[in-house]
Amino acid sequence: MKISIAADIEAVSNVKSRIPEVFEEAERSARPKIITQNGRAIGVMSDIGSYEAMIRKINLMKLIIEGEESTVNGEMMSLSALKKKMKDKYGFSSAVQSKVG
């Protein structure tokens with residue numbers, strides 16, 4: 001995801017009066033808006049779809065890192081044990097597991 005400094009950074013004073021438009025711009029561009037106050041970044045506005053996609057990617061990266069660490073430590077498990085762990089620890093259902101895998 002690229003951020004355009006000219007288009008994606010806005011002062012909080014400009015955002016206050018046009019919150020719906022700012023969210024629409026974020027959704028349309030699929031880029032977050034960096035909100036500033038007194039020249040400093042104070043927050044980020046993102047549409048819900050982009051936010052959910054980011055969270056899914058972060059969770060997948062955590063699983064990959066955990067798997068790599070387990071492999072390095074010689075810890076192996078069966079596919080059924082892995083599915084159970086994913087369900088118990090992360091709340092993944094079989095449908096989600098098939099999308100991830």
Per the charge dipole of the chain (beta-carbon charges, Lys/Arg positive, Asp/Glu negative, Cα centre), the residue among ILE19, LEU79, GLY39 reaching farthest to the positive end is LEU79
Note, segment 43-57: 3J(HN,Hα) by Karplus (6.51, -1.76, 1.60, θ = phi - 60°), whole Hz, Gly/Pro = x, goes x, 9, 10, 9, 6, 5, x, 5, 5, 4, 4, 5, 4, 4, 5
So the angle from the long Cα axis of helix 19-29 to the longest Cα principal axis of the chain, reported in degrees to the nearest 10, equals 60
Inverse of <1/r> over all distinct C-alpha pairs of segment 5-46, i.e. the Kirkwood Rh in Å, gives 10.1
D (µm²/s, integer) via Stokes-Einstein for segment 1-83, Kirkwood Rh across alpha-carbon pairs, 37 °C, 0.692 mPa s: value 214
In order over segment 32-37: 3J(HN,Hα) from phi, Karplus 6.51/-1.76/1.60, θ = phi - 60°, whole Hz, x for each Gly or Pro, gives x, 9, 8, 9, 10, 9
The relative contact order of the chain, taking Cα pairs under 8 Å that sit 6 or more residues apart, comes to a percentage of 18
Over 31 Å (Cα to Cα) among LYS33/LYS62; LYS2/LYS87; LYS33/LYS83; LYS33/LYS85 -> LYS2/LYS87; LYS33/LYS83; LYS33/LYS85
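Since every read-out is calculated from the coordinates, none of them should be taken as a lab result. These numbers come from a predicted model, not from an experiment. Note that we place each Cβ from the backbone using ideal geometry, even for glycine, and neighbour counts take in every protein chain shown.
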